[in-house]
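Report on one structure; see the data block that follows.
The values are calculated or read from the model by the stated rules, or taken from the named source; none is laboratory data. Keep in mind that what you see is a predicted model, and the values were worked out from it rather than measured. Cβ: placed from backbone, ideal geometry, glycine included. Neighbour counts: every protein chain shown. What goes into the accessible areas is simple: the full protein's heavy atoms, side chains included, and nothing from ligands, DNA or RNA. Shrake-Rupley method; radii C 1.70, N 1.55, O 1.52, S 1.80 Å.
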Amino acid sequence: MTDTASKTPAANGQGQAMWGGRFSAKPAELMQAINVSIGFDKRLWAQDLAGSRAHARMLITQGVIASSDGEEILEGLAKIEDELATGTFPFRDEYEDIHMNIEARLRELIGPTAGRLHTARSRNDQVAVDFRLWVRDAADRSAAQLVELQKALLAQAETYADALMPGFTHLQPAQPVTFGHHLMAYVEMFGRDASRFRDARARMNECPLGAAALAGSPFPIDRHQTAATLGFDRPTANSLDSVSSRDFALEALSAASITATHLSRLAEEIVLWTTPMFGFIKLTDAFTTGSSIMPQKKNPDAAELIRAKVGRILGSLTTLTVVMKGLPLAYSKDMQEDKVPTFEAFDALELSLLAMAGMIADLTPNTEKMAAAAGAGFSTATDLADWLVRELNMPFRDAHHVTGSAVKAAETQGLDLSDLSLAQFQAIEPRITDGVYDVLTPAASAASRMSYGGTAPAQVRAQIARWKEALA
């Protein structure tokens, strides 16, 4: 179709601005530049069409517009959807945003009847429902991607439920654990992340459509119908709140920021574990890159980039918080700045979740090196203290002191605890028997941690089974 629309900002088919009845001149070019949002909010086109269809059908049902007009509008929206889906839709800056671009195109396709679609609706509640639909979809995608990441972790944890590795505190060897147990810690974290997105979704699942500019509508609209059509649980209960709130986006961004923090922690461990100093895991060429000058390098760039994404995502949360913090009710143009940070944050999160799931499935642990490191740094010292409490009925603080003395003796001689002779142990505490050697190996240490949620392989497998059932 030939483009005959006026170049006046947000112009209608008669060359007048759609909002410009009281204006006699065009906005300055600079005003137009700062006001236009079509460059980024065109991502909302599917949501905008869904909202417009729901609104049109409701207007027909309620007798606000004639059925013939409503059907013509719906047919025009279907043609616009085809154009948008095939990339032939004529986006134009002069129409400012996705809402006006679609409305102007509808007028070009069906004529003045298009103007009836905006009955009982404002751009304020229109953008509120569009954005809420988009964030709801993003929360659903994030929760689903987190489940896929959990499944990748579960697969590796099940394979290596018995594989020993050092557990760390302060990044110092602390106690032996299993690789499966370590990975299951992230399954728990990402499970909470997914639940945060689901919780946020439940709170955001109220429909602002019908709130109009800020005060509601005098037309006999049925907001429950539009809410149900769009998959919301109910309409929002206050028209001012409907158009002025963006806490649904803030909550989703908060969930995204916490998720990104967890991803960053796992990414940092992958970076450490792939170094020659650790050598705990290997990644294939699929998730590593080389150096332009050092031919021997194999860099875990995917993990490093995931680690960096938390800055972008947390920055988006901060940006929107600052935008919203001083706004009086109801809508202010400041809120146009809600979309870019939210889009950027979820783009970064989606890429990070997909890349992390890929890396987890890709990695191969060096079980021999991890097992050798599991006993480093006197990591079975706590097992010695526990043995003294159990077998000698020694108060734990006394056992802690005795164990510290044993560690000092072994360290002085360059030995591990298990290398001390029974005579050396008895020089520190005469009641120690040769039964102490049963607890001084990393394998025995890990196997003994049978408390619920502990690192004993039997407990790890129990938690794997629980999560596999939960995610089935």
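Summary of computed values
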{"read-out": "Residue match in region 318-329 (condition: touching a strand residue (DSSP E or B) at 6+ places or on another chain (Cβ under 8 Å) and either closer than 30 Å to S239 by Cα or of a type outside the set (V, I, T) (or both))", "value": "no"}
{"read-out": "Region 363-413, residues that are closer than 16 Å to P173 by Cβ, open to solvent by less than 50 Å² (accessible area, probe 1.4 Å) and among the acidic types (D, E)", "value": "D383"}
{"read-out": "Enumeration of residues in region 324-343 that are open to solvent by less than 30 Å² (accessible area, probe 1.4 Å) and within 25 Å of the chain's Cα centre (by Cα)", "value": "M335, Q336, D338, K339, P341, T342, F343"}
{"read-out": "In region 120-141, the residues that are in contact with a His (Cβ under 6 Å, 6 or more places away or on another chain) and of a type in the set (S, T, N, Q)", "value": "Q126"}
{"read-out": "Criterion violated by G453 - all others in (1) in a helix (DSSP H, G or I); (2) over 24 Å from E391 (Cα atoms) satisfied", "value": "(1)"}
{"read-out": "Count of residues meeting criterion [aliphatic (A, V, I, L, M) and touching a residue at least 60 places away in the same chain (Cβ under 8 Å)] in region 33-64", "value": "9"}
{"read-out": "Among (1) out of contact with any helix residue (DSSP H, G or I) (no Cβ under 7 Å at 6 or more places or on another chain); (2) over 30 Å from L415 (Cα atoms) - the single one H401 does not satisfy", "value": "(2)"}
{"read-out": "Index of the failed condition, D140 passing every other in (1) under 25 Å from D347 (Cα atoms); (2) touching a Pro at 6+ places or on another chain (Cβ under 8 Å); (3) surrounded by fewer than 22 Cβ atoms within 10 Å (Cβ to Cβ)", "value": "(2)"}
{"read-out": "Listing of helices (runs of 4 or more DSSP H) fully contained in region 22-61 that carry 3 or more residues being at pLDDT 90 or above, crowded, with 22+ Cβ neighbours inside 10 Å and on the phi < 0 side of the Ramachandran plot", "value": "45-61"}
{"read-out": "Residue in region 437-449 that is in a helix (DSSP H, G or I), open to solvent by 70 Å² or more (accessible area, probe 1.4 Å) and more than 25 Å from M165 (Cα to Cα) present", "value": "no"}
{"read-out": "Pick from region 143-185, criterion polar (S, T, N, Q) and in a strand (DSSP E or B), ranking: least open to solvent (accessible area, probe 1.4 Å)", "value": "T178"}
{"read-out": "Any hit, region 129-136, residues being in a helix (DSSP H, G or I), in contact (Cβ under 8 Å) with a residue 40 or more places away in the chain, closer than 24 Å to T236 by Cα and of a type in the set (F, W, Y)", "value": "yes"}
{"read-out": "Total residues in region 70-110, condition assigned to a loop (DSSP other than H, G, I, E, B) and among the hydroxyl-bearing types (S, T, Y)", "value": "1"}
{"read-out": "Pairs, first over 15 Å from S332 (Cβ atoms) and in contact (Cβ under 8 Å) with a residue 24 or more places away in the chain in region 238-249, second in a helix (DSSP H, G or I) and among the small types (G, A, S), C-beta under 8 Å, six or more apart", "value": "F248/A200"}
{"read-out": "Residue check, S292 free of Cβ contacts under 8 Å to residues at least 12 places away in the same chain and either farther than 19 Å from W134 by Cβ or not acidic (D, E) (or both)", "value": "yes"}
